Amino acid sequence: MADPVIYLDHQATTPCEPAVVEAMAPWWSAQFANPASRSHRPGLLAAAAVEQARAQIATALRVESTAVVFTSGATEANNLALKGLAEAELHAGGRRRHLLCLSTEHRAVLDPLRYLSRHGFELTELAVPASGLVDLEQLRQALRPSTLLVSVMAANNEIGVLQPIAAIAELCRSRGIRLHCDGAQAVGHIPLLPAALGIDLLSLSGHKLYGPKGIGALVVAPGVTLAPQLHGGSQEQGLRAGSLPVPLIVGLATALELALADQAARAVRLKALRDQLWQQLQELGGVHRNGAPAPRLAHNLNVWIEGVEGSALQRRLRPHLAISSGSACSSGEPSHVLQALGLSRQQAAAALRFGLGRHTSAADINSAASLVRAAVTELRQG
Ligand SMILES: Cc1ncc(COP(=O)(O)O)c(C=O)c1O
């Protein structure tokens, strides 16, 4: 039998917890009714399950239930937030046309914003220093009277750095600018309460927090008006048409509760393992950490390694180790995030992203470090 592959790609996706699968189970076949069918009991039961899940999520994030809009994931939540806000501004006859994000945002933010920039809006993609952390003074200077929206991710999906969301919210609030935060990599991993931080729109995703794929949510602050981006029904307060996936919604709520229950302890454990991995990799020499060491997700390490060619390194590691050289969503191209930090295409191609997870053990980390050391040593010897 082939050796098991060590999975260290938890920023691409996480395994769905067995307890989450169990919570979802009754809602596939035994109780399959459409929650929009209010004329019969099975439909009402499904609707009650959806509303209970919504309340669980709202309680966990300390917002009102009405703030939670279910989507198919963070990509859709980002699209609804960004395009929905821009379109609502147009409908209301508002004059704000300027949008701002960081150049290191995920494609699920960059692409909708670039789309808007081709349709009458102006976009600033703010550069970041090598730390990957926004320079607040530069951000302040880039804001204009016409700025409608700032979009900054809470935790970066490649280098794990945590942006100063509360300080950014402060800059936005006093200028009447809406703040969107892509929380796909942060919710369930670090404390992130949107109302307390001043976030107007927060995107999250089930499969990044040990829940199912195909479900996420947009958390909308009171008073924020969005234009729907999916038309075809009045579900989700008219903001997102389509029959609700009851099992996935139940799964998302369960996964979030479980993630918050072990969030602090998990972070402490994974930080120790991550730091151990960093120590062991440094023995090679010529290993550079991408992005600021802190503040950073406890389970992320991203390095580039001198003297090896990226694709050759990936090929050597692939049979034994599941890691990534960048974001799972833009595979093939050297990472735009790493290039934004100042790495060349070649350096970015020789980067490795390690994403540790709930079930990662010390033995996994020791094996991963040995595998990388062996592969790099062999490649350097040519
Ligand atoms: C920061 C960030 N935003 C958005 C997404 C997309 O999330 P989803 O797969 O739920 O659409 C990801 C997933 O890679 C991500 O890391």
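The values are calculated or read from the model by the stated rules, or taken from the named source; none is laboratory data. For clarity, every value in this text was computed on a predicted model and none was experimentally measured. Positions of Cβ are generated from backbone atoms using ideal geometry, with glycine treated the same way; all protein chains shown enter the neighbour counts. Heavy atoms of the whole protein, side chains included, go into the accessibility calculation; ligands, DNA and RNA do not. Shrake-Rupley method; radii C 1.70, N 1.55, O 1.52, S 1.80 Å.
One residue alone among ARG118, ARG41, ARG62, ARG97 is within 22 Å of LEU218 (Cα to Cα), open to solvent by 10 Å² or more (accessible area, probe 1.4 Å), in the same structural domain as ASN157 (by TED's automatic domain parsing) and at pLDDT 95 or above, and that residue is ARG62. The sole residue among GLU76, GLU87 that is within 16 Å of the ligand (Cβ to nearest atom) and closer than 30 Å to ALA186 by Cβ is GLU76.
Looking across the range 328-344 at every residue that is part of a helix (DSSP H, G or I) and modelled with pLDDT of 90 or more, the one that is farthest from the ligand (Cβ to nearest atom) is identified as GLN339.
The set of residues from the range 186-204 being crowded, with 24+ Cβ neighbours inside 10 Å and away from the ligand (no atom under 16 Å from the Cβ) comprises just one member, ASP200. Tell me whether the range 158-167 contains one or more residues that are open to solvent by less than 20 Å² (accessible area, probe 1.4 Å), within 16 Å of the ligand (Cβ to nearest atom) and not in a loop (DSSP other than H, G, I, E, B). Within the range 158-167, one or more residues are open to solvent by less than 20 Å² (accessible area, probe 1.4 Å), within 16 Å of the ligand (Cβ to nearest atom) and not in a loop (DSSP other than H, G, I, E, B).
Let's see how each residue does on (1) assigned to a loop (DSSP other than H, G, I, E, B); (2) within 17 Å of the chain's Cα centre (by Cα); (3) away from the ligand (no atom under 16 Å from the Cβ):
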position: HIS119; (1), (2), (3): yes, no, yes
position: ARG140; (1), (2), (3): no, no, yes
position: LEU148; (1), (2), (3): no, no, yes
position: HIS180; (1), (2), (3): no, yes, no
position: ALA184; (1), (2), (3): yes, yes, no
position: PRO212; (1), (2), (3): yes, yes, no
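Based on this model, can you work out whether ALA53 counts as among the hydrophobic types (A, V, I, L, M, F, W, C), crowded, with 23+ Cβ neighbours inside 10 Å and closer than 30 Å to SER146 by Cβ? It is false that ALA53 is among the hydrophobic types (A, V, I, L, M, F, W, C), crowded, with 23+ Cβ neighbours inside 10 Å and closer than 30 Å to SER146 by Cβ. Being over 23 Å from LEU239 (Cα atoms) and either assigned by TED's automatic domain parsing to the domain that holds ILE199 or within 16 Å of the ligand (Cβ to nearest atom) (or both) is true of ASP135. Each residue in the range 68-100 was checked for being among the hydrophobic types (A, V, I, L, M, F, W, C) and touching a strand residue (DSSP E or B) at 6+ places or on another chain (Cβ under 6 Å), and 10 of them qualify.
Annotation: of all residues in the range 8-24 being in contact (Cβ under 8 Å) with a residue 24 or more places away in the chain and more than 16 Å from the ligand (Cβ to nearest atom), the one that is nearest to ARG274 (Cα to Cα) is GLU17.
Listed by first and then second residue, the pairs linking a residue in the range 214-234 that is within 16 Å of the ligand (Cβ to nearest atom) to a residue that is open to solvent by 40 Å² or more (accessible area, probe 1.4 Å) and among the hydroxyl-bearing types (Ser, Thr, Tyr), with Cβ atoms under 6 Å apart and 6 or more places separating them unless they lie on different chains, are GLY214/SER72. Of all residue pairs spaced 6 or more apart or on separate chains, those with beta-carbon atoms under 7 Å, a first member in the range 353-374 that is of a type in the set (D, E, K, R) and a second member that is buried (at least 18 other Cβ atoms within 10 Å of the Cβ) and in a helix (DSSP H, G or I) are ARG358/ARG266. Restricting LEU252, LEU239, LEU204, LEU256 to those that are farther than 22 Å from GLY357 by Cβ and in contact (Cβ under 8 Å) with a residue 24 or more places away in the chain reduces the list to LEU239. Just give me the residues in the range 268-313 being assigned to a helix (DSSP H, G or I) and open to solvent by less than 30 Å² (accessible area, probe 1.4 Å), in sequence order. Within the range 268-313, LEU270, LEU273, ARG274, LEU277, LEU281, GLY310, ALA312, LEU313 meet the criteria. The numbered conditions (1) open to solvent by 10 Å² or more (accessible area, probe 1.4 Å); (2) within 16 Å of the ligand (Cβ to nearest atom); (3) not aromatic (Phe, Trp, Tyr) are all true for LEU102 except (1). Among the criteria (1) among the charged types (D, E, K, R); (2) open to solvent by 30 Å² or more (accessible area, probe 1.4 Å); (3) within 21 Å of ARG173 (Cβ to Cβ); (4) under 24 Å from the mean Cα position of the chain (by Cα), the one ARG144 does not fulfil is (4). Counting only residues that are over 15 Å from the mean Cα position of the chain (by Cα) and within 16 Å of the ligand (Cβ to nearest atom), the range 64-73 holds 3 of them.
Kindly check whether there is at least one residue in the range 133-149 that is modelled with pLDDT of 95 or more, touching a Cys at 6+ places or on another chain (Cβ under 8 Å) and of a type in the set (Lys, Arg). No, the range 133-149 has no match at all. Residue-level check: of (1) assigned to a loop (DSSP other than H, G, I, E, B); (2) out of contact with any Pro (no Cβ under 6 Å at 6 or more places or on another chain), GLU51 misses just (1).
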